[in-house]
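Here is the structure we will look at.
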Amino acid sequence: MTSAARDFESSQDINIEKKMDSSRILDVGFVRLTLVLSIFAGILLILVILQTTEAALPAIQQFGLEFLVTSRWNPVENIFGVLPQIYGTLMTSLVALVFAVPLGIGTAIFLTEDFAPKWITVPIGFAIELIVAIPSVVLGLWGIFVLIPAVRPIFRAINESMKWFPLFGGPAPRGPSLLIVSLVLSIMICPIIASITRSTFESLPRNLRDGALALGATRWETILTVMIPAGLSGIVSSIMLAMGRALGETMVAAMISGNANRINISLMQPGSTITGLIASQFGEAGRLQVSALMYAGVVLMILTLVVNVLAEIVIRRFQNLEQ
Amino acid sequence: MNPNSVSGAMQTQSPKPTSYVFQIENLSVYYGSNPAVKNVSLKVPARQITAFIGPSGCGKSTVLRCFNRTNDLIPGARVEGKLTYHGKDLYAADVDPVSVRRHIGMVFQKPNPFPKSIYDNVAYGPRVLGMKVDLDEVVETSLKRAALWDEVKDKLKESGQSLSGGQQQRLCIARALAVQPDVILMDEPCSALDPISTRRIEELMKELEQDYTIIIVTHNMQQASRVSDMTAFFSVELVGSNRVGELVEFDKTEVIFNNPSKEATRDYVEGRFG
Ligand SMILES: Nc1ncnc2c1ncn2[C@@H]1O[C@H](COP(=O)(O)OP(=O)(O)OP(=O)(O)O)[C@@H](O)[C@H]1O
Ligand SMILES: [Mg+2]
């Protein structure tokens, strides 16, 4: 340490003043650029909401909140209401979650908890990620030509034996129905839940699991009492993301819901969703009808927003619990 | 503490106080096809502290994990040789590793409290094992034994992960004590702790020695000489390109530290290793 000895006697040697060198310019430039971009994104969002609402204004003025509880959609008489579609949207998403949540979490557990050797789990994991890449119109086609004929006997049997139960009631199921939409939606959203939950489990420290096992917990007890609670916020966010996807999915709903404009409590019967309604009607809609469709779009946005806010609250809850 | 409550396949009804809790004969552990430790033979006496010392990678943790069969959880790990627990073969086909772990607790190198409240951390074992006990009482006595009660008694509802590292480690010890194990395995329990916390855990071990058999892995020579009754010195040997661990010497701690019979042991405990 002779020549390199640090001699800080003269204060010039210590350089801590602000400098405008190239890296600093880049740094500042980057901050400004991202600021502009994020403001732009925000403005875009507000513009879309404002303009949709503006276009929906005639319908809003004409129908008011009654729009939400009217179950008629009659372009001839110019009477519009979206109660069946609100029901269809919420029910299909909810039922899709009922299928997808256990399946997705179960898959994630299988893929992370050493139940099978790597040469099995790696391809399965990869295949699951690939499901996300299937275009929804293809899934819709598959639903019409493969799934509907395949499940028809099962649906009929359920309908037959449980007619008293409103969700399964009505005449013998034939083709499109809300339940079919739910099934296809669950196939679409299950990979979202599985892959996010999986990375949540993978990010948990290994010694957490070892700690539970060393206390004499079985593998299942460890998963249920330590791993899932520890990963709960990740799991809940994955469910919320999946729910958002299900609420907004359009193609599948338009293709296999049946687009029925009356309210039908039974999931076995044709129904419709807000997205399906908009997609199937905007082409030949008259003036007030377009406005009504815009109104329906606003309703969907509010619905999604409410669900997201609720989700955020739920996630916060869980995070607080963990700390 | 209570080997008579042992259930299922680990039936060791007779409370015959075997003076040796574990007896190992020619134990070898493989990861894949590579041996990690070979031909270890030793006897772990009851109600005493046995220390494992030796250079990094010589297989101390590996041998320790054999005692509660956590090696089973590592894909590709294989154990050969004989390991008995109160005279019963631990690796016999009819032994359930899960019930083995109920009797042989473990404290890890890195504190690993669950992301649950302090209370729930300690109550975890009794709950999951379905022990019919007064949970409040178990939590209190376990925390007291782990010398943590006074620091946390007013915040039992707070997360176990909000504690300091040393407190977390004592919480993990309390968690292990709550299921009333027979043996406690400790893998470098103080390696992340400051000298004061280390001292407290050492005192704690001396106290626990009255009721429990303790095996501790440590890199700290003073710690081994301060707390342990018996010491096993492991070393690594180069076999081809493989580093294989072996037990060099196992004796009373005074002998290992003052008058070892092997040159390698003397070099290691006097810090002249490598
Ligand atoms: N899970 C594992 N998979 C494969 N090899 C392993 C595994 N764990 C340990 N080994 C190998 O076994 C040998 C002994 O490791 P072990 O962890 O028992 O050493 P150690 O004496 O505890 O060392 P340290 O003092 O550093 O903790 C090492 O060569 C290591 O590479
Ligand atoms: Mg180790």
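Results, tabulated for the structure shown:
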quantity: Relative contact order (%) - segment A:212-323, alpha-carbon pairs under 8 angstrom, separation at least six; calculated: 27 percent
quantity: Potential lengthening between A:Leu141 and A:Glu77 on full extension [0.36 nm per residue; Cα-Cα distance subtracted]; calculated: 19.7 nm
quantity: Segment A:191-322 - convex hull of alpha carbons, volume per residue in Å³; calculated: 137 Å³
quantity: Distance violations [Cα-Cα > 29 Å] among B:Lys43/B:Lys206; B:Lys116/B:Lys144; B:Lys60/B:Lys88; B:Lys60/B:Lys206; calculated: none
quantity: Exposure rule at most 13 other beta-carbon atoms within 10 Å, DSSP loop chymotrypsin sites (Phe, Trp or Tyr not before Pro): chain A longest free segment; calculated: A:165-323
quantity: Span-like helix ranges in chain A, DSSP H, alpha carbon extent 18 angstrom or more, Kyte mean at least 0.0; calculated: A:22-63, A:83-112, A:118-131, A:148-161, A:178-203, A:232-248, A:287-322
quantity: Three principal axis lengths of segment B:45-203 [C-alpha, angstrom, descending]; calculated: 49, 39, 31
quantity: Two-decimal Rg to Rh for chain B - Kirkwood Rh, Cα set; calculated: 0.96
quantity: Average accessible surface area per residue within segment A:164-323, 1.4 Å rolling probe, Å²; calculated: 41 Å²
quantity: Mean ellipticity per residue at 222 nm, deg cm²/dmol - from DSSP H runs of n ≥ 4 across chain B, formula -39500 (n - 2.57); calculated: -9000 deg cm²/dmol
quantity: Listed residues B:Thr62, B:Met106, B:Leu129: farthest to the positive end of the dipole of segment B:41-167 (Cβ charges); calculated: B:Thr62
quantity: Relative contact order for chain B, counting Cα pairs under 8 Å that sit 6 or more residues apart, in percent; calculated: 25 percent
quantity: Apportionment of accessible area to carbon and sulfur, segment A:16-113, percent (1.4 Å); calculated: 73 percent
quantity: Contact order normalised by residue count of segment A:103-174, Cα under 8 Å, 6+ apart, percent; calculated: 17 percent
quantity: Complex-versus-alone comparison for segment A:195-210, residues with a loss of 40 Å² or more in accessible area, probe 1.4 Å; calculated: A:Asn207, A:Leu208
quantity: For chain A, calculated [θ]222 nm from helices alone, where every DSSP H run of n ≥ 4 adds -39500 (n - 2.57); calculated: -22500 deg cm²/dmol
quantity: Antiparallel bridge percentage (DSSP; both residues within segment B:3-269; nearest 5); calculated: 60 percent
quantity: Anisotropy class of segment B:187-228 from Cα gyration tensor, a/c 1.5 cut; calculated: prolate
quantity: On Cα atoms only, tilt of B:165-177 relative to the major axis of chain B in degrees; calculated: 90 degrees
quantity: Among A:Gly104, A:Asn264, A:Trp142 - extreme Cα towards positive end, dipole of chain A, charges at beta-carbon; calculated: A:Asn264
quantity: Rounded, prolate or oblate (a/c below 1.5 giving rounded, otherwise prolate when a/b exceeds b/c) for chain A by Cα gyration tensor; calculated: oblate
quantity: Accessible area (Å², per residue) of chain B, counting only protein heavy atoms and a probe of 1.4 Å; calculated: 43 Å²
quantity: Cleavage-rule hits, chymotrypsin sites (Phe, Trp or Tyr not before Pro), segment B:165-274, DSSP coil, Cβ neighbours within 10 Å at most 15; calculated: B:Phe273
quantity: Share, in percent, of DSSP beta bridges within the protein assembly as shown that are antiparallel, nearest 5; calculated: 60 percent
quantity: Mean-position separation - Cα centroids, segment B:159-190 and segment B:226-267, in angstrom; calculated: 27 Å
quantity: Signed unit charges on C-beta, dipole axis of chain A, positive-most listed residue A:Thr225, A:Asn74, A:Ile43; calculated: A:Asn74
quantity: Gyration tensor over alpha-carbon atoms, the protein assembly as shown, equivalent ellipsoid semi-axes in Å; calculated: 62, 33, 23
quantity: Residues whose placed amide H lies under 5 Å from that of A:Phe80, excluding near-sequence neighbours; calculated: A:Asn74
quantity: Average projection area in nm² (convex hull over Cα atoms of segment A:107-158, one quarter of hull surface); calculated: 5.3 nm²
quantity: Aspartates and glutamates with Cα under 12 Å of B:Lys82, excluding same-chain neighbours fewer than 8 positions away; calculated: B:Glu25
quantity: Accessible surface buried once A binds B (1.4 Å probe; total of both sides; Å²); calculated: 1700 Å²
quantity: Residues losing 20 Å² or more accessible surface upon assembly, segment B:94-127, compared with the chain by itself, 1.4 Å; calculated: B:Val98, B:Arg101, B:Arg102, B:Phe108, B:Lys110, B:Asn112, B:Phe114, B:Pro115, B:Lys116, B:Tyr124
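The values are calculated or read from the model by the stated rules, or taken from the named source; none is laboratory data. This one's a predicted model, so the numbers in the text were calculated from it and none came from an experiment. Cβ coordinates were reconstructed from backbone atoms using ideal geometry, including for glycine residues, and neighbour counts include every protein chain displayed. Each accessible area value is taken on the protein alone, full model and side chains, heavy atoms only, with ligands, DNA and RNA left out. Shrake-Rupley method; radii C 1.70, N 1.55, O 1.52, S 1.80 Å.
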